[in-house]
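J.: Quick one: the structure is below, questions incoming.
The values are calculated or read from the model by the stated rules, or taken from the named source; none is laboratory data. Worth saying up front: this structure is predicted, and the values here are computed from it rather than measured. Using ideal geometry, Cβ is built from the backbone for each residue, glycine included, and neighbour counts are taken over all protein chains shown.
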Amino acid sequence: MENSQQINPLPSPPVKKSYLPLIIAVIAIIIVIFVAILVASSLDNNSDGGNNDYDPADIRYVSGTYSQETLSGDVTVKAKLTNLGGDVGSVTINVVITESSGTYSNTKYVTLAPGETVTYDIKVNTPFGTGVDGNMINVYLT
């Protein structure tokens, strides 16, 4: 006769809960939020609220004089422009002379470097005998 005894299994040791996966997940979420904030702030640099280092061209008409040739009647306008911005910029100088016999105009396309001030001559063909004064001359930048 065999003597058999039933062997009871040993109780399982208590399971230790590991918080390591939770800690890793929290750190990963914090890193993702930090990166998202960095990306968003770098995209905001060209808006008014961001750190805007870009200074576009700002070309302005400073002053002008004119002279009229005696024989031909042509008018030469000297237009002084300056670029107050921090980037190269281009504009078209439009000179329009309006007097009783008609309207006469000419344009000149110019490019200015940052901080540059230049005087440009724009010749407008007017008929012989046309008397021009400063009130008839308009200078526009487009």
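J.: What is the number of the single condition among (1) modelled with pLDDT under 90; (2) touching a Ser or Thr at 6+ places or on another chain (Cβ under 6 Å) that LYS80 does not meet?
T.: Single failed check for LYS80: (1).
J.: For residues that are more than 16 Å from LYS78 (Cα to Cα) and aromatic (Phe, Trp, Tyr), tally how many sit in region 105-118.
T.: Going through region 105-118 one residue at a time, the tally reaches 0.
J.: Also: Report yes if GLY64 is under 34 Å from the mean Cα position of the chain (by Cα), surrounded by 12 or more Cβ atoms within 10 Å (Cβ to Cβ), at pLDDT below 90 and not assigned by TED's automatic domain parsing to the domain that holds ASN125, otherwise no.
T.: no
J.: Do you know which residues across region 85-106 are surrounded by 15 or more Cβ atoms within 10 Å (Cβ to Cβ) and either hydroxyl-bearing (Ser, Thr, Tyr) or out of contact with any strand residue (DSSP E or B) (no Cβ under 6 Å at 6 or more places or on another chain) (or both)?
T.: Selection gives GLY85, GLU99, TYR104.
J.: Could you tell me which of the residues LEU81, LEU71 is of a type in the set (A, V, I, L, M) and assigned to a loop (DSSP other than H, G, I, E, B)?
T.: LEU71 is the lone residue from the list that is of a type in the set (A, V, I, L, M) and assigned to a loop (DSSP other than H, G, I, E, B).
Rundown of residues vs (1) at positive phi; (2) assigned to a helix (DSSP H, G or I); (3) modelled with pLDDT under 85, yes/no style:
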residue	(1), (2), (3)
PRO9	no, no, yes
VAL15	no, no, yes
ALA25	no, yes, no
ILE29	no, yes, no
VAL32	no, yes, no
ALA40	no, yes, yes
ASP48	no, no, yes
ASN51	no, no, yes
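J.: Go through (1) closer than 30 Å to PRO56 by Cβ; (2) touching a strand residue (DSSP E or B) at 6+ places or on another chain (Cβ under 6 Å) for GLY115 and report which single condition fails.
T.: Going through the list (1) closer than 30 Å to PRO56 by Cβ; (2) touching a strand residue (DSSP E or B) at 6+ places or on another chain (Cβ under 6 Å), GLY115 breaks only (2).
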